[in-house]
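This report concerns only the one structure given below.
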Amino acid sequence: MAPSTDSNVKNKNSQVSYKKDINTKTGRILQNKKHSNDIFDVIEYLQSEKDKEIIFATDACKRVFCQLFDRGDLYVGDLPQEEDLMSDDRSAEEKYRIFMRHRYNNCVELLLENMDHEAFQVKEASLCALMKFVAAEGRHPLQNLDLIEHYSFPRELLRTLVEHLLSTKEDMSLLISRFQEFLEMDDVRYYVMSSVRDNIYRVMGRNKKAVIPIYQNNVYTLLSTINVPSQGSKLKHFLVKQAYKPEEWKAAKLKEHKRAFEQMWLQFLKFKLPSSMYKKILVILHESIMPQMSDPSLLIDFLSAAYDIGGAISLLALNGLFILIHEHNLDYPDFYKKLYSLLDPSIFHVKYRARFFHLVNIFLSSTHLPAYLVAAFVKRFARLSLTAPPTALLILLPFICNLIRRHPSCRVLIHRPSATEEPCDDPYVMEEEDPAQCHALESSLWEIKTLQKHYHPDVAKAAMKINEPLTEQEEDISEMLELSTFELMERELKAERKTIPLEFDTATELLKSPREVSLM
């Protein structure tokens, strides 16, 4: 028996019927005010169980209310209760505007709820419709402007929208990426930054500063998409055009944008974060956050706390601290002591190794550093080199030589009358955290001598340089910072090698048995 096509016909008819129903009622609402009750049916579709019906109804509501805004058919001012309309001595026209304003509020509430819908298409349609309403409310404010406040922008609607984007229960990163398009508008960006700051204060304060991973990830996703223009002249893309002195509007001033950006990030960073979040923020901090702040030195508390955490987070915090120390005259007590304590075998295996060595090289570049401090770093690196992989050793060995070149008083570590022929105890104390107390200057670089017998020829060759007088020219280690084990192997395999004869006569009887040899 052939399968019935009744279900397909019903689905097709159903699809046609809901579209026809919505379109018919939308047209009636816009054509004649006596059909205004049809708006109830259109709004009801926003609560449908079918995604396509919700999306179609969302577009219809957007079309209806945007036209009502342009016509001036929505009540402006403090909205009276609907229950009072029957007893009020108001005109039919005013009652109509009040009625449609209430329906607009119902529609906005449902669209905000649909931003938490399971289907992304429904979320996206709701977001776009709400942003259309933001633009419409900006052009035609629903509240009478005060004498002091001449600039109209629907901050309350945008604040509520941001609140739904920053969900505490659901990952909204995909919808936030869609919202990024609207952040190109300077006024939207400015008021979003203010809304995010207030939202963080409210949510994190309510949760007694506990970590909220989903919420904080949503906040980070939104914050990382916000960029402030570099020049005030670029602030000219606005969703809502202002007629009254637009140049005096806060959203049109670069200084105000930077202040809002700074307050937003500082509010976020003052609360406890998940460890993975620290890494994400510290990676972009020096390039994407600090340059856009009015006063980057305000990040000192966050960077100090991150620097004290240890491990990879401390390594990443070095970048921000470096900028504050060199460009903003930050005085960080015991900075080198903390940097010294970061030197452990894990630094050779983190993916931020190149950045770490680049920064350590800069921090130890000053010729005014005391000899005991530089010697402590040299000796610590030398001791760590005994268990380091070849890729790290090709960085460490020239790095140690460069430090000795910069600080001639450390040459005693090489030229000390050493007991290489006689066994002796090394006075250097590896476990000591204070570089001033580790007795590095009393020691020698016997570890480098040991590495001259390393299995890898490039490492052994690099270690041999310590036997020769060091030139004044420092070695460039920048190429080695990103060297991987795979690249090192590839380089070895591609290297040209001479064929070395091992025997004069070619062997011919190696695989023959003793019996075969005796028969010959």
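The values are calculated or read from the model by the stated rules, or taken from the named source; none is laboratory data. What you see is a predicted model; the values in this text were computed from it and never measured. Neighbour counts are summed over all protein chains in view; Cβ atoms, including those assigned to glycine, are modelled from backbone coordinates with ideal geometry. Heavy atoms of the whole protein, side chains included, go into the accessibility calculation; ligands, DNA and RNA do not. Shrake-Rupley method; radii C 1.70, N 1.55, O 1.52, S 1.80 Å.
Worth pointing out:
- Only helices (runs of 4 or more DSSP H) whose full extent lies in region 383-475 are considered here, and the ones with at least 3 residues that are among the small types (Gly, Ala, Ser) are 457-464.
- Residues in region 247-272 that are out of contact with any Phe, Trp or Tyr (no Cβ under 7 Å at 6 or more places or on another chain) and within 21 Å of PHE322 (Cβ to Cβ): GLU262, TRP265, LEU266.
Table: residues versus (1) among the acidic types (Asp, Glu); (2) buried (at least 17 other Cβ atoms within 10 Å of the Cβ); (3) at pLDDT below 90.
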| position | (1), (2), (3) |
| --- | --- |
| LYS208 | no, no, yes |
| VAL219 | no, yes, no |
| PHE238 | no, yes, yes |
| LYS280 | no, no, no |
| SER314 | no, yes, yes |
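- Of the residues making up region 425-439, none is among the polar types (S, T, N, Q) and open to solvent by less than 50 Å² (accessible area, probe 1.4 Å).
- Residues being within 19 Å of SER478 (Cα to Cα), under 34 Å from the mean Cα position of the chain (by Cα) and open to solvent by less than 10 Å² (accessible area, probe 1.4 Å) - total across region 364-387: 3
- Residues satisfying the stated conditions in region 177-199, i.e. aliphatic (A, V, I, L, M) and surrounded by fewer than 23 Cβ atoms within 10 Å (Cβ to Cβ): LEU183, MET185
- The condition of being closer than 26 Å to LYS19 by Cα, at pLDDT 85 or above and charged (D, E, K, R) holds for ARG71.
- Some residue of region 303-311 being β-branched (Val, Ile, Thr), assigned to a helix (DSSP H, G or I), touching a residue at least 12 places away in the same chain (Cβ under 8 Å) and within 25 Å of SER385 (Cβ to Cβ): no
- Flag for ASP198 being closer than 24 Å to ILE281 by Cα and assigned to a helix (DSSP H, G or I): yes
- Region 209-290 holds helices (runs of 4 or more DSSP H) entirely within its bounds, and those carrying 1 or more residues that are over 20 Å from GLU170 (Cα atoms) map to 254-269, 275-284.
- Some residue of region 140-148 being outside any helix (DSSP H, G or I), over 30 Å from PHE56 (Cα atoms) and either in contact with a helix residue (DSSP H, G or I) (Cβ under 9 Å, 6 or more places away or on another chain) or among the hydroxyl-bearing types (Ser, Thr, Tyr) (or both): no
- Beta carbons closer than 7 Å, at least 6 apart along the sequence or on distinct chains, pair a first residue in region 97-111 that is free of Cβ contacts under 8 Å to residues at least 24 places away in the same chain with a second that is open to solvent by 30 Å² or more (accessible area, probe 1.4 Å) and of a type in the set (Phe, Trp, Tyr) for ILE98/TYR75.
- Boolean, TYR307 is surrounded by fewer than 19 Cβ atoms within 10 Å (Cβ to Cβ) and under 26 Å from PHE261 (Cβ atoms): no
- Matching residues in region 63-76 - criterion: being open to solvent by 50 Å² or more (accessible area, probe 1.4 Å) and in a helix (DSSP H, G or I): ARG63, GLN67, ASP70, ARG71
- Only one of SER518, SER513, SER478, SER418 that is out of contact with any helix residue (DSSP H, G or I) (no Cβ under 7 Å at 6 or more places or on another chain), open to solvent by less than 60 Å² (accessible area, probe 1.4 Å) and at pLDDT below 85: SER513
- Test: residue in region 173-180 that is under 17 Å from VAL122 (Cα atoms) and among the small types (Gly, Ala, Ser): yes
- Restricting region 312-349 to residues that are of a type in the set (Phe, Trp, Tyr) and either touching a Ser or Thr at 6+ places or on another chain (Cβ under 7 Å) or assigned to a helix (DSSP H, G or I) (or both), the residue that is nearest to HIS286 (Cα to Cα): PHE322
- Considering region 161-176, and only residues there that are part of a helix (DSSP H, G or I) and not acidic (Asp, Glu), the residue that is most open to solvent (accessible area, probe 1.4 Å) turns out to be LEU174.
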